[in-house]
Amino acid sequence: QLQASGGGLVQAGGSLTLSCIASGDTFRRYALAWFRQAPGKEREFVAANRQASSRSYYADSVKGRFTITRDNAKSTMYLQMNSLKAEDTAVYYCAASTTIILSAIAEGSAYAYWGRGTQVTVSS
């Protein structure tokens, strides 16, 4: 079970950090990801981190501005969002999967577990 938090209203150029806490004792084995869905648009990949790996993957639209991290001891992952833009406004979802291949890391269908979303609104 995943629970996301940390969303809110921020001005363009500002920062927010989202958190996602996972239940269970196999957190370190999970591939983790953040997706987002803006009003009237399809869900899109934001960032991911594979299990047992320090490498992270980002959508081009957030590369250099967002950072995904994980704290296995706390069973928590984070999304640090800097230099926020109005187009970053969306509901953000955390997702996890115990097995995932690299080619599918940006595919929502590859993730078995999803948290409820947290709203991020960036005012211009």
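Would you mind computing, in nm to one decimal, how far apart the modelled labels at ARG116 and SER83 are, each placed 7 Å from Cα along Cα→Cβ? Reported label-point gap for ARG116 and SER83 is 3.4 nm. With a simple spin-label model that places each label point 7 Å from the Cα along the Cα-to-Cβ direction, the separation between GLN3 and SER61 comes to 2.9 nm.
With both labels modelled 7 Å from their Cα along Cα-to-Cβ, the SER15 to THR69 distance reads 1.0 nm. 3J(HN,Hα) along region 94-105: 9, 9, 8, 8, 7, 9, 7, 8, 4, 5, 10, 5 Hz, from the Karplus curve 6.51 cos²θ - 1.76 cosθ + 1.60 with θ = phi - 60°, whole Hz, x for Gly and Pro. For THR89, nonlocal amide neighbours, meaning residues 5 or more places apart or on other chains whose placed amide H falls under 5 Å from its own, are VAL122.
Using the crude model of +1 on Lys and Arg Cβ and -1 on Asp and Glu Cβ, and no other charge, please compute the dipole size for the chain relative to its Cα centre, in debye to 20. Before the final figure, lay out each step's value.
Values: 13 positive and 8 negative charges, 46 e Å.
Charge dipole, the chain, about its Cα centre: 220 debye, nearest 20.
Among the protein heavy atoms of the chain, carbon and sulfur supply 46% of the accessible surface, probe 1.4 Å, non-protein parts ignored. In the full protein context, the chain carries 53 Å² of accessible surface per residue, based on a 1.4 Å probe and ignoring ligands, DNA and RNA.
Find out how many positive minus negative residues lie around ALA47, taking Lys and Arg as positive, Asp and Glu as negative, among other residues whose Cβ is under 15 Å from that of ALA47. So the environment of ALA47 carries a net charge of +3.
The values are calculated or read from the model by the stated rules, or taken from the named source; none is laboratory data. In this text, all values refer to a predicted model and were calculated from it rather than measured experimentally. Virtual Cβ from ideal backbone geometry, glycine too; neighbours counted across all protein chains shown. Areas reflect the complete protein model, heavy atoms only, side chains present, ligands, DNA and RNA absent. Shrake-Rupley method; radii C 1.70, N 1.55, O 1.52, S 1.80 Å.
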